[in-house]
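The values are calculated or read from the model by the stated rules, or taken from the named source; none is laboratory data. Just so it is clear, the structure is predicted and the values come from calculations on it, not from any experiment. Positions of Cβ are backbone-derived with ideal geometry, glycine not excepted, and every protein chain shown enters the neighbour counts.
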Amino acid sequence: MIIYLLCFILFLVGLYGVISKRNLIKIIISIAIMEYSINLFFILIGYVEGGTAPIITKGFENAKFVDPLPQAMILTSIVIGLATTALLLAVAIRIYQKYGTFDINKIKDLKG
Amino acid sequence: MKGMTFIVKKITQIICPIIFMFGLYIIVHGHLSPGGGFAGGVIMAGAFILQILANGKILPKLRKEEEGLEFMESAAILGFLILAGLGLLISGGVVFFANFLDKGELGKLISGGFIPIENIVIGAEVCAAIATIFIAMVVYKDEEKK
Amino acid sequence: MNSLIPLFIIIPLGSAFVMVILGRFIKNFNKFITPIFMLSLVYLTFHFIINSEGSLIYLVGGHEPVGDVPIAIYLVMDGLTKLILLVISLVGFLAIFYSLSYTKQYTAERKFYVLFSLMIAGMNGVVISGDIFNIFVFLEIAALSSYALIAFGVEKHQLEASFKYQVLGGVASLVILFAIGFIYWNTGTLNIADISRQLNVNSNSLASVGVFLKFISVLLIAGFGLKAAIFPFHSWLPDAHSSAPSPISAMLSGVLIKAVGIYVIIRLFFNMFPLSYELSMTITVLGTISMIIGGLLAIGQWDIKRMLAYSSISQIGYIVLGLGIGMLVLATGGDKAVAALSITGGLFHLLNHSIFKGLLFLSAGAVEYRTGTRDMRKMGGLSEVLPITSRTSLIGSLAISGIPPFNGFFSKLIIIIAAIQAQYYVLAFLAVIVSVITIAYFMKLQKYTFYNNDGSKWKDKKIKEVPFSMSFSMILLSILCVILSLLVIPEVRSVFLQPAVDVLINATDYSTNILGI
Amino acid sequence: MKYITLFIIIFALWLLMTFNLETPNLIVGAVVALITSLVFGKGFLQDSKKFFQLQRYFWIIVYLFIFIWECIKANFDVAYRVLSPSMPIKPGIVKVKTSLKTDIGKTFLANSITMTPGTITVDIIDDEFYIHWIYVSSEDPKEYTNKILGRFEKYIKRIFE
C-alpha cells in the first residue's frame, strides 16, 4: 500500500511544480514528473506477485504472467507524453524567441 | 549546427551502424521478446541523432532532411492504415485490424500474422517522428542565431 | 451498416496523412480534399441518423467476447453519438469551407488542413469509442492538434495562450488517466458498458468501492470539466479561444469543448456510474455557477472574440444545467417525463450553441479579417461596409440571446420550463436572469461593432465584403439558426433528438444493449 | 567498398546476436545489414580495405595483451598514490607529439591513454595531445613522450596504418 501512496505523492510533487514554478522549462519538467508517476501507478496495478513478463515463449506457455493490459496502456501513454512534451518544448522555444525570457511573470500579455 | 572533434566523429562512424542494427533487431523481434516498434524506432532515431550531433549539419540540409523525414512518417502511418484496412477486404468478415495472415508457429521469427509487419511500419514511423522532432528543435535554434 | 462505423475515424485520419504526402506535389490539394471529406462525413452522419435505430456495435479486430468478458475495442453508435457526430461534421464542414479564404494569410497553409483533419479524427474517435482508454487516446489526438492550431499564427499572444492551454490541458489529461487507472484497478476492465455492469453488480458487496467511486468521479469531473471549461476550470478558455484563428475558434467553442468535454461527462455519468444525488447536485451547481460567471465576465470585455469566449462559458453552463437537472430528477426517482424534457433542453441547446457560436466566431473572424482589429472601441459603423457579415452576426446574436423565431429561444425555454416542473425555481430564475445578461452584452457587441456611426472611416479605407467562401458559411449557419427551431416540432425531434434523450433516460440499458446480456 | 565492409560487419554481428542459422533468420539478417549499410555506408570509415588485411588482427591481439598489462601496472601505481598517507601526486598537463597520421589511429591512441588509470587525454590539436597526468615524473619532452605514448604507439601504427 505504501508504494501506491508514494506514487500519489510523486503525482502531487509534479502538481506542486506546475503550480508554483515560474520557469517554463520547469513547468514542463513538472508535467513530465506527473506523467511518470501515473505510468508507475499503472505498472503497479498490473503487477502480480512473482509474475514474469507477459510474453509467451516456448516452454513457458502457462507461467504466471503480470497483467499485460496496463503495460500496453502505458506504452500508449508514453507515446502521447512524448508528443505532448515535444509540442510544449517547441512552443516554449518560440515563446523565448518572442519574449526573450522563460519567466512567466514577464509573459502575461493576456489577462482578464 | 557545428560538429564536434574528430574523436567523437570517428567513434560515431563506428558505433552508429551498430546502434541502428540493434534498433532493427528490436523491431524485428518485437513479437517474440520485449520491445517492438516504438522501442526499436527510438533506438534507430538515436543513431541518426547521434550522427547529426557529432558531424553537424548546415541549415538548408537539415530542412531538406526534415521534409524527407516528414514524408517518411506520413507514409508509414498510411502504410499502417492500409494494413489495417486490408483486413476489411481480405478477412471476409468486414473487420478492421483483422489479422489475415497465417499465425505461424510459436517462437519462430516468421510468426504472429501481420504483427511483425505492423511493428516494422511503426518502427519506421517512430524513428522518423523522433528524428523530425530533434531536427525541428535544431532548426529553431539555428534560426534564432540569425 | 455496422461496418461503416470505423469510417468516421479512418476518413479524416487517412486524408490527413495523404495530405502531407500529396499536398507537397499538387498545389491546393489540401484545400480541395478537406471540404470533400467533411461533406462525406456529413452525408455518413445523416445516413446513420435516418437509417439506423438503437445502438450499433463494431468490434475492432473482430475479437468476439469470451464468455461475458469483452476483449475487443468496441465502437458504439447510438443516439447520443449520432447527435454529437452531426454537430462535429456540420460545423466542421462550414468552418473548413470558411477557412479556404481565411488561411491565405498564413505561410504554412498546408499544415492547417492537416491539423484540422487530425482534430476531426480525434473528436470523432472520442465520440464513437466505447472504451474509456481509447477515449483518452483520441482526446489527446484532438487536444494536441488543437494546441498546435491555437499557436498556428506563431504570434506572441497565440503562443502564450497555447502554452497556458497546454499546461492546463496536460494536467487535465493526466488526471483523467489517473482516474482510468483507478477504474481499471477496481473493475479490471476498460469497456464502458462492462464497467457499468461491474459497478452496478458490485456496488453493495465491496465496501471500498463507494469511496473509490466518489474519488474517481471527482477526478473525472475535474479532468473533463477542464476540457469543457466548466466554472472553476474555465480560465484557459478566453485566452485560447480568442487567440486562435477564427475558424478554429469556431471549432473549439462550437465543437471541441462539447465533444471532448460535455459528451464524455454525460456519457460517463449517465451510462457508466450509477446515478447519485450528490454528483448530480455537484454538476448542476457547477453548471449554474459557470453560467452566471461567464455572463457577468462577458459584459466587461472590449475584445470581440474574448467576449464570445466568455459567452461560451455561460452557454456551456446552460447545457450542463439542463443535463444536471435531468440527472437530479432521475437520481431522486422523480418523474421521467420531466427528466426527459430537461435533457432534451440540454442537448437541444448543445446543438444550437454549436451552430450560433460557430456563426458568431466566424463573423468576428470576418470583421477581424477586413479591419485587422478585435477591439470594439475601434470599430463602429461596419454594417455599412460589411452588410452580409453584419446581418449574419445579428442573427447569431438574436439566436444566442433567445429571441423567439430563432433556435436559442426554444432550447432556453425548454430548460427553464423543465427547471420549473422539477421545482428548482431558483435555477429557473437564474437561467432567466442570465438570459437577460446575454441580451445585454450582445446588444453591446452589435452596437459598438456594426452601428454607432455612419462608417465613413471604413469607406475611406475601401473595405469590401469578405470573399465568397467566408460569406457562404456564415449565411448557411444563419439559415440553420432558423431551421433548427423546427426541432421543437415533435416529429422532427423524434428523428434527431429523441434517440439521444432515450439513451440518457434509460441509463442502465446502455450496458445491456452493448454487452447483449 | 565501404558499403560491402559495413554489410559484412553488420551481418556477422547479427548472427552473433541471434545465434541461429535458420533460413528466415539469415534472410532477415541480410536485409537488415543491407539497410544499415545503405543508410550509414556513406559516412563509414574511409580506408575500410584495411579490414581485410589479416596481419592487422594479429597485432590487435598482441596489442590487447600489452594494453591489459599496462592497465594493471597503472592501476597499482594509482592505488599506491591514493592509499599512501603522504599522497605523492604531482598533477599537471603535458603536451605530447605523436607520429600517427590517421584520425582513427589518433582516436584509438587517445582512448587507450584515457583508459589507463592516471592519464586522461584532454584535447587533441593536429598531432599534439594534451594529457592530464597524475604524477608528472619528468619535465623532458622526449622522456615523457616515451613514457606515455611509447608503450602503445608502435602497435597502433601497425594496426591502423
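Taking the listed residues C:Leu382, C:Leu394, the one that is crowded, with 23+ Cβ neighbours inside 10 Å and either at pLDDT below 90 or closer than 25 Å to C:Ala364 by Cβ (or both) is C:Leu382, with no other qualifying. The listed residues are C:Val488, C:Val432, C:Val492, and the only one of them that is within 22 Å of C:Phe48 (Cβ to Cβ) and surrounded by fewer than 21 Cβ atoms within 10 Å (Cβ to Cβ) turns out to be C:Val492. Exactly one residue among D:Pro141, D:Pro117 is touching a helix residue (DSSP H, G or I) at 6+ places or on another chain (Cβ under 9 Å), more than 14 Å from every other protein chain (Cβ to nearest Cβ) and either buried (at least 17 other Cβ atoms within 10 Å of the Cβ) or more than 26 Å from B:Thr12 (Cα to Cα) (or both), and that residue is D:Pro117. Once the range D:39-55 is narrowed to residues that are within 14 Å of another protein chain (Cβ to nearest Cβ) and in a helix (DSSP H, G or I), the residue that is surrounded by the most Cβ atoms within 10 Å (Cβ to Cβ) is D:Phe40. Whether any residue in the range B:27-38 is of a type in the set (Val, Ile, Thr) and either in a loop (DSSP other than H, G, I, E, B) or away from chain C (no Cβ under 14 Å) (or both) is what I want to check. Within the range B:27-38, one or more residues are of a type in the set (Val, Ile, Thr) and either in a loop (DSSP other than H, G, I, E, B) or away from chain C (no Cβ under 14 Å) (or both). Of all residues assigned to the range C:369-380, none qualifies as being part of a helix (DSSP H, G or I) and under 16 Å from the mean Cα position of the chain (by Cα).
Going by what's in this entry, would C:Tyr165 be described as crowded, with 23+ Cβ neighbours inside 10 Å and not β-branched (Val, Ile, Thr)? Yes. Residue count for the range C:240-259 satisfying the condition of being within 14 Å of another protein chain (Cβ to nearest Cβ) and out of contact with any His (no Cβ under 8 Å at 6 or more places or on another chain): 4. Taken as a whole, the condition of being farther than 20 Å from A:Ala32 by Cα, crowded, with 24+ Cβ neighbours inside 10 Å and more than 19 Å from the chain's Cα centre (by Cα) applies to C:Tyr113. Of the residues making up the range B:71-86, at least one is within 12 Å of chain C (Cβ to nearest Cβ), free of Cβ contacts under 8 Å to residues at least 40 places away in the same chain and under 20 Å from B:Gly46 (Cα atoms). Please verify whether the range C:188-200 includes one or more residues that are facing another protein chain (nearest Cβ under 10 Å) and of a type outside the set (Gly, Ala, Ser). There is at least one residue in the range C:188-200 that is facing another protein chain (nearest Cβ under 10 Å) and of a type outside the set (Gly, Ala, Ser). Looking at C:Ala143, C:Ala172, C:Ala161, just one residue is under 25 Å from the mean Cα position of the chain (by Cα), assigned to a helix (DSSP H, G or I), more than 10 Å from chain A (Cβ to nearest Cβ) and in contact (Cβ under 8 Å) with a residue 60 or more places away in the chain, and that residue is C:Ala172. Here D:Phe11 fulfils each of the conditions (1) more than 8 Å from chain B (Cβ to nearest Cβ); (2) closer than 15 Å to B:Gln13 by Cβ; (3) buried (at least 18 other Cβ atoms within 10 Å of the Cβ); (4) not charged (D, E, K, R) apart from (2). Within the range B:94-121, which residues are touching a helix residue (DSSP H, G or I) at 6+ places or on another chain (Cβ under 8 Å) and more than 14 Å from chain C (Cβ to nearest Cβ)? Within the range B:94-121, B:Lys108, B:Leu109, B:Ile110, B:Pro116, B:Ile117, B:Asn119, B:Ile120 qualify.
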